[in-house]
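Here is the structure we will look at, set down as C-alpha cells.
The values are calculated or read from the model by the stated rules, or taken from the named source; none is laboratory data. Fair warning: this is a prediction, and the values are worked out from it, not measured in the lab. All Cβ positions, glycine included, derive from the backbone under ideal geometry; neighbour counts span all protein chains shown.
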Amino acid sequence: MELRQEQKLKQTLSQNMLQSTEILQMGQLELKEYLEDLALENPVVDMDEMRSEKSSDDKGESNEDFIRRLEELQSMDAQNRQYYQDEQDEASRFEPAERPGMDLRDALMEQILFMKISKEEFRILEYMILNLDDNGYLTEDLPLLCKELKISEEDGERMLKVLWKLEPKGTGARNLRECLLIQLEGGSEVDELARRIIEDYLEELGRNRMEIIARKLKCSMDQVLTASDRIRMLNPRPGSGFGSGKYQKYLVPDVLVVKTEGRFQIIINDETYPQLSINPYYLTLMKGEDSGEAAGYIKNKVKQAEWVCHCVEQRNRTLYLLVQEILKAQIAFFEGGRGKLTALTQRSVAEKLGMNESTISRAVREKYLQCQWGLFPLQFFFSRGSIQTCPAADAKNTPSEKAGGAGAEAVKEQIRILVAGEDKKKPYSDRILAEKLGEAGFSISRRTVAKYREAIGIADASGRKVFERKNTL
C-alpha cells in the first residue's frame with residue numbers, strides 16, 4: 001500500500017515538474033493559448049481578461065501606465081527600425097508596409113466580378129488568380145496551366161494580359177523583369193529608357209553599375225540616373241501590400257525595460273494572457289462534507305488550477321531575475337544602444353542566480369524584451385561563444401574576428417557607423433573598412449568584414465555609391 005502511494009506521489013511530482021518546465025519556456029502567445037484552453041477544460045477556473053492594477057516593483061505601475069509605456073517603446077522601435085533593419089534584397093527598398101485584412105486574391109476577384117467577361121473567361125481568370133503567390137507572381141508555367149484549364153496557349157496569353165490590367169499593376173507577372181515592364185505604361189522619353197534598362201541591364205542596375213549602363217546605351221549619366229529613379233518608383237512585389245490570408249505570428253514582448261527618473265525599471269508583461277482564479281462555489285463544495293467521487297474530482301481540478309497559477313508566477317519571477325542580471329551586465333547597451341553589448345553567458349547568469357543552466361536556457365527560449373532600442377529576443381544579449389582578443393586589441397578588450405555573438409554585434413554596429421559617415425560618392429571598400437575597424441581596436445580581415453556587411457544588409461562599395469548629377473532633365 002505504501003509502495004503504491006509512493007509511486008503515485010513520484011508520478012504526480014514528475015508530472016508537475018514537466019508542467020512547470022513547459023510553462024517556463026512558453027512565450028506570451030503560447031502561454032495565452034495554454035491558459036485559455038485550461039479555462040475551457042477545467043470547470044473550477046474563472047478567466048478574467050481585465051487585469052487589476054499590479055505593481056511591477058515597490059513603486060507600482062497601473063494597467064494604464066503599462067499600456068502607455070508599451071506604446072511609447074513600440075513607437076521608439078518603429079523610429080529606430082529603419083536604421084537597424086536588415087535589407088533582404090534590392091527589391092525590399094520599394095516594398096510598402098503590409099496591410100493586413102483583405103487577401104490579394106480576394107481583392108482581384110472583386111475586380112473581375114464587375115468586368116464584362118464570359119463565364120469561361122471568368123473561370124480562367126479565377127484559376128490564374130488562385131495560382132498567384134503572395135507577391136502577386138504567377139509561378140506556374142503558363143503552358144501547363146493552359147493544359148489544366150483545357151484551353152489553348154493563345155487564350156491563356158490573352159487572359160493573362162487581362163489579369164495584368166488589374167490593380168495592383170504588375171500582378172500576374174512571371175518574373176521581376178515582366179513585373180516592372182507591366183507597370184511602365186507611359187510613353188515618355190524617361191519611360192522608354194527605363195524600359196530598355198529593365199529589358200537588357202536589370203542585373204547591372206541591381207549592382208548600381210550606372211557607368212556601364214550609360215556607356216552601353218550611349219547616353220549621359222544624368223539620363224540613366226533619372227530612368228533609375230523611375231524604375232525605383234515601381235513595385236517589384238505588387239502583392240506585398242496585402243495580407244497573405246495565412247496565420248502570422250506576431251511578436252509580443254514578455255518583459256519591458258524602461259527608464260524612469262534616471263533609473264531602469266523592469267516590467268513583466270502579464271497583460272497579454274488572462275488572469276486565472278478559482279470559482280468560490282467549487283471551493284465551497286470541496287470543503288463540504290461530501291467525500292464522494294464529485295468532491296474528489298473538484299479537488300483534483302482545484303489542485304491543477306492552483307499549480308498552474310504557481311507555475312506562471314514562478315515563470316515570471318524567474319524571468320524578472322534573469323532580466324535583472326541582463327540589465328546589470330548589459331547596462332551599456334540599455335544606455336547607448338547596439339554595439340555596446342558585452343560578453344555574457346547563460347552559465348554565468350545561472351551561477352549568480354543559483355539556478356541550473358538548463359533553467360536559464362528554458363527561460364530565455366521564445367522570450368522577447370522591449371526597450372527604447374527595439375524588440376529583441378533574450379538570446380540576443382548572450383554571447384554565442386567566448387569573446388577572444390588579439391594582441392592589437394587587448395588594450396581595449398575588443399573582439400577579434402573569432403568573437404562570439406556580443407563581439408560580432410559590436411563589429412556590425414561599427415560597420416554601420418563607418419558606412420553612415422562615409423562619402424557616398426567615394427564609399428569605403430571592404431579593405432578600407434577593415435583598416436578603420438583595426439584603428440578602432442577590432443582585428444578583422446577584409447573577408448570577415450564582407451561577411452558581416454552582407455549579414456546586416458549593406459551593399460558593397462559599388463552598390464553604395466551615389467552618382468553626381470550634372471543636369472536635371
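Among the residues of the stretch 147-159, is there at least one that is touching a strand residue (DSSP E or B) at 6+ places or on another chain (Cβ under 9 Å), surrounded by 12 or more Cβ atoms within 10 Å (Cβ to Cβ) and either of a type in the set (S, T, N, Q) or in the same structural domain as Glu110 (by TED's automatic domain parsing) (or both)?
No, the stretch 147-159 contains no residue that is touching a strand residue (DSSP E or B) at 6+ places or on another chain (Cβ under 9 Å), surrounded by 12 or more Cβ atoms within 10 Å (Cβ to Cβ) and either of a type in the set (S, T, N, Q) or in the same structural domain as Glu110 (by TED's automatic domain parsing) (or both).
So, in the stretch 202-233, how many residues would count as being under 22 Å from Ile458 (Cα atoms) and not in a helix (DSSP H, G or I)?
4
Outside the structural domain of Gly457 (by TED's automatic domain parsing), in contact with an Asp or Glu (Cβ under 9 Å, 6 or more places away or on another chain) and not polar (S, T, N, Q): which single residue out of Arg196, Arg207 fits that description? Before the answer, list the steps.
On the way: Arg196 fails: in contact with an Asp or Glu (Cβ under 9 Å, 6 or more places away or on another chain).
Sole residue among the options that is outside the structural domain of Gly457 (by TED's automatic domain parsing), in contact with an Asp or Glu (Cβ under 9 Å, 6 or more places away or on another chain) and not polar (S, T, N, Q): Arg207.
Only helices (runs of 4 or more DSSP H) wholly contained in the stretch 307-377 count here; list those with 1 or more residues that are within 30 Å of Asn42 (Cβ to Cβ).
357-364
Restricting to the stretch 432-448, name every residue that is loosely packed, with under 13 Cβ neighbours inside 10 Å and either modelled with pLDDT of 85 or more or of a type in the set (Val, Ile, Thr) (or both).
First, pick out the residues of the stretch 432-448 that are loosely packed, with under 13 Cβ neighbours inside 10 Å: 439, 447.
If the condition is that a residue be loosely packed, with under 13 Cβ neighbours inside 10 Å and either modelled with pLDDT of 85 or more or of a type in the set (Val, Ile, Thr) (or both), then Arg447 is the only one that fits.
Would the stretch 114-131 turn up any residue that is in contact (Cβ under 8 Å) with a residue 60 or more places away in the chain and either among the aromatic types (Phe, Trp, Tyr) or surrounded by 15 or more Cβ atoms within 10 Å (Cβ to Cβ) (or both)?
No, there is no match, as no residue in the stretch 114-131 is in contact (Cβ under 8 Å) with a residue 60 or more places away in the chain and either among the aromatic types (Phe, Trp, Tyr) or surrounded by 15 or more Cβ atoms within 10 Å (Cβ to Cβ) (or both).
Give the number of residues within the stretch 179-201 that are surrounded by fewer than 17 Cβ atoms within 10 Å (Cβ to Cβ) and modelled with pLDDT of 85 or more.
Of the residues in the stretch 179-201, 4 are surrounded by fewer than 17 Cβ atoms within 10 Å (Cβ to Cβ) and modelled with pLDDT of 85 or more.
Taking Lys426, is it within 30 Å of Asp191 (Cα to Cα), modelled with pLDDT under 80 and out of contact with any strand residue (DSSP E or B) (no Cβ under 9 Å at 6 or more places or on another chain)?
It is false that Lys426 is within 30 Å of Asp191 (Cα to Cα), modelled with pLDDT under 80 and out of contact with any strand residue (DSSP E or B) (no Cβ under 9 Å at 6 or more places or on another chain).
Going residue by residue through the stretch 318-331, is there one that turns out to be within 25 Å of Asp48 (Cα to Cα) and in contact with a Ser or Thr (Cβ under 8 Å, 6 or more places away or on another chain)? Please lay out each step first, then the result.
First, pick out the residues of the stretch 318-331 that are within 25 Å of Asp48 (Cα to Cα): 318-320.
Then drop every residue that is not in contact with a Ser or Thr (Cβ under 8 Å, 6 or more places away or on another chain), which leaves 318.
Within the stretch 318-331 (the criterion being within 25 Å of Asp48 (Cα to Cα) and in contact with a Ser or Thr (Cβ under 8 Å, 6 or more places away or on another chain)), the answer is yes, since at least one residue qualifies.
Can you tell me which residue among Lys352, Lys402, Lys451 is at pLDDT 85 or above and within 29 Å of the chain's Cα centre (by Cα)?
On the way: Lys352 fails: within 29 Å of the chain's Cα centre (by Cα); Lys402 fails: at pLDDT 85 or above.
It is Lys451.
For residues that are aliphatic (A, V, I, L, M), crowded, with 16+ Cβ neighbours inside 10 Å and touching a helix residue (DSSP H, G or I) at 6+ places or on another chain (Cβ under 6 Å), tally how many sit in the stretch 206-225.
Number of matching residues: 5.
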